[in-house]
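Undergrad: Sharing a structure with you now.
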Amino acid sequence: ILSEDDLVSVYSIGQNKTNANELIIGTYGKGAFKSSDKGANWNELSVPLNPDATVYSVEYSSNGNVYLASDDGFFFSSDGGSTWNERNNGLPHNKIWNMELFENGASQIIFITLITVGVEGDESSFKGGIYKSEDDGNSWSNISGDLPVMQSDGMFYYYWKFTVNTENPNSIYIGTSVGSPDESASAYEEWGVYKTENGGISWRKTDYNVSEGWMDQSFFDERHALVLSIAPSDTNTIYWGRDWMYKSTDAGNSWKQIYTVKKGDAWTGNGFELMMTEDIAFSPSDPDKIFVGYDDMGPFRSTDGGVSFKPLDSKMDPYDGYDAAKDIFVDPENGDVYLSRYDGVGSALESGFSLGRIYKSVDDGDSFTEISGGFPDGRPDLAIDFSAGTPGNRTLYAASYGNGVFKSTNSGERWFSINEGLSDDAAGAWTIKINPNNNEELFLGINNFGEGGGLYKTTDGGNSWFSLTSFPAYDVLSIEIDNRNIIYCGATENYDWSVSGGLYKSSDGGNSWNEIFDYPRIADIAISPVNPDLLFIVSQPWYDIWLPDVMPGIFKSTDAGENWTNITTDLAHTYALFAKIDPHNPSRLFVGTGGGGLWVNDNVTSVENEINDAPEEFILYQNFPNPFRKGSGGNAATTIDYSIPMLETQNPDKSGQVFAPQRVILKLYDVLGREIATLVNKEQTPGNYSIRFNGQNLSPGVYLYSITVSGVTKKFRQTKKMLLLR
């Protein structure tokens, strides 16, 4: 709603209580803006702020006064924001963090919290806590009372989030909070939610022994109240949390976790899934038994088809840092569970992916034993050959980041290095895949974080490796092989800053490759076990502020990668990590997300499902990349996306929507209007589509691409430009 030149980080918004069209927003480093037409147009307000100030809160009173709280002080306006008065009398400093307004008739009480400042270890230097004003900010009084100020180690407490009872301004809840913008912890001893019933004269910590969910509270000890709110319909109901959510229905005397529901010895989620799902594995003998690995949460098991899950770790972080459950495999003969672990993506980015261990369970995942003898520390990517050997003598392969590739021929009891031919690239060993059609043939993806990756192959079980030089020197994220020996590989030019790359396909054992999808970060590939032409890929958003035309999510192809449909639809969390097809039900696709838990689509092979999730309007998107460039490698490729909605029928007795295929024609023209190529000419059902186009044989210059869709009652046509560079 702001022009591109005025884009800002918006921290707060206030709305006039008597004129809903009037809004004021507070920003980071750009001051405050006002709109009188619900955001259609904005004007910067002349609030006397420092240039780098952050406006954390804006409030309108019922009589039209405006209050603005920032880390440069408190400001008051009685004329809708035209003029402002700074009012900080009685405050120890001007760095305000949060504000709430209590109104009762014509009277207003303003509450604020201050950023904590002081000399560590000197309690008398503490300047922070909660303040209030009953005269529009002309004077302020400290109502922090006996809130904890300093811990025994000399570290101060911080208070940011608070909530005021809408019926009684003397009843206030406040929580210990993060201590700075980098979220450094500030409360270890007396952390939690505090309550006052006498306007801040005295505070007490609310009863904190709450019912537990599947998060281990000794590990996820929630010191930071980033969510804290009283329900307006019932002031005895309070919510608080950050990583998890808790609820009290008795004014804070007791709390109950509300993110899971107990079911036997397992848990059912309530949709509040702030977890990174690393992998999923299915029991070969029991279609209802599923194993899931979480970052920070470890492995879980479901025995009811994913309705509920039981944590398999006795505690979080049970192995001194190897808390993330990464790869899971289940032996088809006896049900042994293999598990690779590392320190989790957040810690690993800091440690350089330097930790990794392999574990095995012989009791259905109830307990795990380390099988890492000879396997060095380093993020592990595990592959197991179940086509040969016996349950106690399986051949295991693992890429250990920083160390290379390792192999075990006795189910992981002992490991030995197999790095012949990898040379310096061994340290970048990232992902490994066994050819399901030939267990002596493996592929190894290298990740050198933008310093030149690549793909290696072995045909003798890892005794020697050779580079597939026709594959681009990109960081490899994913490898899959179908039952026809067609290889798919997702790669990006830089794991850290992915702006180019794609999905590559080889039909000759890796000797030559074609790019069949050019979004820069294809994190996973799933191939249907009953139809090798049916593919699913995970396209991750990665620094997508630089790639606004790249649509992340889950894409589907029914013709081995020639055409793609975006089926993300109602997958609310589009940062996906993997996609896995249920081998017991190939129409069922599981998707793990980076912070949104585990999702499932029970009908990914159904045309009807795709139609019901069809877009609401015709859209022809700008091709990506644009401009695109001719290259010596013959890869002047770009992708064109378009969306086809359901159309209205002419018969009023019908449902009003048409599911029948529509004729879609997509053509390419030069700037003189001469037809160059027909990219699409066929009937297609409503949905989202992607077309790959290679302009290597064209001359550099401007071209036009035009789509025509012939529906039941109307025709859609749209044209866009693309630029091909030399």
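The values are calculated or read from the model by the stated rules, or taken from the named source; none is laboratory data. The model shown is predicted, which means the values in this text are computed figures rather than measured ones. Note that we place each Cβ from the backbone using ideal geometry, even for glycine, and neighbour counts take in every protein chain shown. Just the protein is used for accessible areas: all its heavy atoms, side chains included, with ligands, DNA and RNA removed. Shrake-Rupley method; radii C 1.70, N 1.55, O 1.52, S 1.80 Å.
Undergrad: Could you run through region 498-508 and say how many residues are over 12 Å from residue 476 (Cα atoms) and at pLDDT 85 or above?
TA: Our first condition is that a residue be over 12 Å from residue 476 (Cα atoms); within region 498-508, this holds for 499-500, 505-508.
Among the residues that remain, those that are also at pLDDT 85 or above are: 500, 505-508.
Residues meeting the conditions: 5.
Undergrad: Restricting the search to region 37-61, which residues are in contact with a Phe, Trp or Tyr (Cβ under 9 Å, 6 or more places away or on another chain), within 24 Å of residue 115 (Cβ to Cβ) and free of Cβ contacts under 8 Å to residues at least 40 places away in the same chain?
TA: Those that are in contact with a Phe, Trp or Tyr (Cβ under 9 Å, 6 or more places away or on another chain), within 24 Å of residue 115 (Cβ to Cβ) and free of Cβ contacts under 8 Å to residues at least 40 places away in the same chain: 45, 47, 48, 49, 52, 53.
Undergrad: Moving on to the next point. Tell me yes or no: at least one residue of region 151-167 is open to solvent by 60 Å² or more (accessible area, probe 1.4 Å) and either on the phi > 0 side of the Ramachandran plot or small (Gly, Ala, Ser) (or both).
TA: yes
Undergrad: Is it the case that region 280-288 has a residue that's crowded, with 24+ Cβ neighbours inside 10 Å, outside any loop (DSSP other than H, G, I, E, B) and within 19 Å of the chain's Cα centre (by Cα)?
TA: No, region 280-288 has no match at all.
Undergrad: What strands (runs of 3 or more DSSP E), lying completely within region 445-498, carry at least 3 residues that are of a type in the set (A, V, I, L, M) and open to solvent by less than 20 Å² (accessible area, probe 1.4 Å)?
TA: Strands (runs of 3 or more DSSP E) meeting the threshold: 475-481.
Undergrad: So residue 210 ticks every box in (1) open to solvent by 20 Å² or more (accessible area, probe 1.4 Å); (2) touching a residue at least 60 places away in the same chain (Cβ under 8 Å) but one. Which box is left unticked?
TA: Just one mismatch for residue 210, condition (2).
Undergrad: Can you report the number of residues in region 129-150 which are open to solvent by less than 40 Å² (accessible area, probe 1.4 Å) and either at positive phi or out of contact with any Ser or Thr (no Cβ under 7 Å at 6 or more places or on another chain) (or both)?
TA: Total meeting the criteria: 8.
Undergrad: Ok, one more. Please go through region 346-381 and give me each residue that is in a strand (DSSP E or B) and open to solvent by 10 Å² or more (accessible area, probe 1.4 Å), ordered by number.
TA: 357, 360, 369, 370, 381
Undergrad: Between a residue in region 70-82 that is more than 15 Å from residue 23 (Cβ to Cβ) and any residue that is acidic (Asp, Glu) and open to solvent by 10 Å² or more (accessible area, probe 1.4 Å), which pairs come within a Cβ distance under 7 Å, given they are 6 or more apart or on different chains?
TA: What qualifies is 73/86; 75/86; 76/136.
Undergrad: Here's something else I'd like to know. Do we have any residue at all in region 404-417 that's open to solvent by 10 Å² or more (accessible area, probe 1.4 Å), in contact (Cβ under 8 Å) with a residue 24 or more places away in the chain and at positive phi? Working first, answer last.
TA: Kept after step one, since they are open to solvent by 10 Å² or more (accessible area, probe 1.4 Å), are these residues of region 404-417: 406-407, 409-410, 413-417.
If we keep only those that are in contact (Cβ under 8 Å) with a residue 24 or more places away in the chain too, we end up with 406-407, 413-416.
In the following step, the residues that additionally are at positive phi were identified as none.
No, region 404-417 contains no residue that is open to solvent by 10 Å² or more (accessible area, probe 1.4 Å), in contact (Cβ under 8 Å) with a residue 24 or more places away in the chain and at positive phi.
Undergrad: I would also like to ask the following. Scan region 509-543 for residues that are crowded, with 18+ Cβ neighbours inside 10 Å and either assigned to a loop (DSSP other than H, G, I, E, B) or at pLDDT below 90 (or both) and jot them down.
TA: Once the filter is applied, which keeps residues that are crowded, with 18+ Cβ neighbours inside 10 Å and either assigned to a loop (DSSP other than H, G, I, E, B) or at pLDDT below 90 (or both), region 509-543 yields 510, 513, 518, 519, 520, 521, 528, 534, 540, 541, 542.
Undergrad: If I filter region 109-123 for residues that are at pLDDT below 95, assigned to a loop (DSSP other than H, G, I, E, B) and open to solvent by less than 30 Å² (accessible area, probe 1.4 Å), do I get at least one hit?
TA: No.
Undergrad: Determine which member of the set 653, 670 is more than 26 Å from residue 513 (Cα to Cα), at pLDDT 85 or above and of a type in the set (Asp, Glu).
TA: It is 670.
Undergrad: Another one. Among what's in region 327-345 and is among the small types (Gly, Ala, Ser) and in a loop (DSSP other than H, G, I, E, B), pick the residue that is most open to solvent (accessible area, probe 1.4 Å).
TA: 335
Undergrad: Restricting attention to region 233-260, report how many residues are more than 23 Å from residue 203 (Cβ to Cβ) and exposed (fewer than 13 other Cβ atoms within 10 Å of the Cβ).
TA: 1
Undergrad: Would you call residue 225 open to solvent by less than 50 Å² (accessible area, probe 1.4 Å) and either at positive phi or not in a loop (DSSP other than H, G, I, E, B) (or both)?
TA: So residue 225 does not fit the description; no.
Undergrad: Residue check, residue 169 against (1) within 32 Å of the chain's Cα centre (by Cα); (2) closer than 24 Å to residue 235 by Cα; (3) not β-branched (Val, Ile, Thr), all met but one. Which one?
TA: (1)
Undergrad: Still on this structure, please answer the following. Among 37, 52, 72, which is the only one that is under 38 Å from the mean Cα position of the chain (by Cα), buried (at least 19 other Cβ atoms within 10 Å of the Cβ) and of a type in the set (Asp, Glu)?
TA: None of the others qualify; the one that does is 72.
Undergrad: Could you give me the residue pairs with C-beta distances under 8 Å whose first residue belongs to region 349-362 and is of a type in the set (S, T, N, Q), whose second residue is in a loop (DSSP other than H, G, I, E, B) and open to solvent by 50 Å² or more (accessible area, probe 1.4 Å) wherever it lies, and which are 6+ apart or on separate chains?
TA: As it stands, the answer is 354/377; 361/367, since those pairs meet every condition given.
Undergrad: Which members of region 289-321 meet the condition of being under 20 Å from residue 221 (Cβ atoms), of a type in the set (Ser, Thr, Tyr) and assigned to a loop (DSSP other than H, G, I, E, B)?
TA: Hits for region 289-321 are 314, 319.
Undergrad: While we're here: Mind listing whichever residues of region 314-326 are surrounded by fewer than 21 Cβ atoms within 10 Å (Cβ to Cβ) and among the acidic types (Asp, Glu)?
TA: 317, 320
Undergrad: Show the residue pairs that are 6+ apart or on different chains and have beta-carbon atoms under 9 Å apart, the first residue being within region 165-177 and of a type in the set (A, V, I, L, M, F, W, C) and modelled with pLDDT under 95, the second being open to solvent by 10 Å² or more (accessible area, probe 1.4 Å) and assigned to a loop (DSSP other than H, G, I, E, B).
TA: none
Undergrad: Further question on the same structure: Do we find a residue being over 25 Å from residue 571 (Cβ atoms) and in contact with a strand residue (DSSP E or B) (Cβ under 8 Å, 6 or more places away or on another chain) anywhere in region 488-501?
TA: Yes, there is a match, as at least one residue in region 488-501 is over 25 Å from residue 571 (Cβ atoms) and in contact with a strand residue (DSSP E or B) (Cβ under 8 Å, 6 or more places away or on another chain).
Undergrad: Residues being touching a Lys or Arg at 6+ places or on another chain (Cβ under 6 Å) and either open to solvent by less than 50 Å² (accessible area, probe 1.4 Å) or under 14 Å from residue 563 (Cα atoms) (or both): count how many of those fall in region 673-695.
TA: Residues that pass the stated criteria total 1.
Undergrad: Looking at (1) touching a Ser or Thr at 6+ places or on another chain (Cβ under 7 Å); (2) modelled with pLDDT of 85 or more; (3) open to solvent by 10 Å² or more (accessible area, probe 1.4 Å), find the lone condition where residue 574 falls short.
TA: Every listed condition holds for residue 574 apart from (2).
Undergrad: Which numbered condition in (1) open to solvent by 70 Å² or more (accessible area, probe 1.4 Å); (2) at positive phi is the only one that residue 199 fails?
TA: With (1) open to solvent by 70 Å² or more (accessible area, probe 1.4 Å); (2) at positive phi applied to residue 199, the lone miss is (1).
Undergrad: Filtering region 301-312 down to residues that are open to solvent by less than 30 Å² (accessible area, probe 1.4 Å) and free of Cβ contacts under 8 Å to residues at least 60 places away in the same chain, which residue is farthest from residue 585 (Cα to Cα)?
TA: 312
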